[in-house]
Amino acid sequence: MAMPELVALINEWGTMPRTLDPAKTGDDPVRTALADDFHPVFAAGGVAERARLITDLLTGTGVRPVLTADDNGTLTEEWTVDDPAQSARAAAALALRHHLAEHPGRIGVCADDQCADVYVDNSPAGRRRFCCLTCQNRARAAAFRRRGRAG
């Protein structure tokens, strides 16, 4: 599972994002459970907590590495699970594990009080705080109004 697919899954099916955005509808308990398993990783306060959560998810899936060699001696790394029902969870956990190994601080939950969507920070500076421009603008407008009332 690619990171954009995981972000879309969490934002469309997760309980927290759906609670704050009533426009998100649909009923798929399997997708909701999967999304809810991964939202805490994005919301975690630090790298160590994220690592622990991902490790727990990987352990729960029973995923294990397999190394195979073809006739030319080329090695291929694969991951396998015994329970096919764990395939999506394992794929998502592995994708997030690979991403966090390279970019440990570049995931998060939107900083807008009215949103619980998650994001992957691909910005050059690595300082993303909002899931989208709409939330960023809404938060800035609210801060501007607060300053106007206080001043």
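Listing for the model above:
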item	result
For the chain, calculated [θ]222 nm from helices alone, where every DSSP H run of n ≥ 4 adds -39500 (n - 2.57)	-17000 deg cm²/dmol
Orientation-averaged projected area, Cα convex hull of the chain (nm²)	12.0 nm²
For region 65-73, Karplus couplings with θ = phi - 60° (6.51, -1.76, 1.60), whole Hz, Gly/Pro x	x, 9, 10, 10, 10, 8, 5, 8, x
Karplus 3J(HN,Hα) series, Hz, for region 4-12 with 6.51 cos²θ - 1.76 cosθ + 1.60 (x for Gly, Pro)	x, 5, 5, 4, 4, 4, 5, 5, 8
Phi-based couplings in Hz for region 123-139 (Karplus 6.51, -1.76, 1.60; Gly and Pro marked x)	5, x, 7, x, 10, 5, 10, 10, 6, 7, 5, 4, 5, 4, 5, 4, 5
Under 13 Å, Cβ to Cβ, from residue 137 - net charge with Lys/Arg +1 and Asp/Glu -1	+3
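Read-outs throughout are calculated quantities, based only on the coordinates presented, and are distinct from any laboratory measurement. Source: prediction; values computed, not measured. A quick note on method: Cβ atoms are made from the backbone with ideal geometry, for glycine too, and the neighbour counts reach across all protein chains shown.
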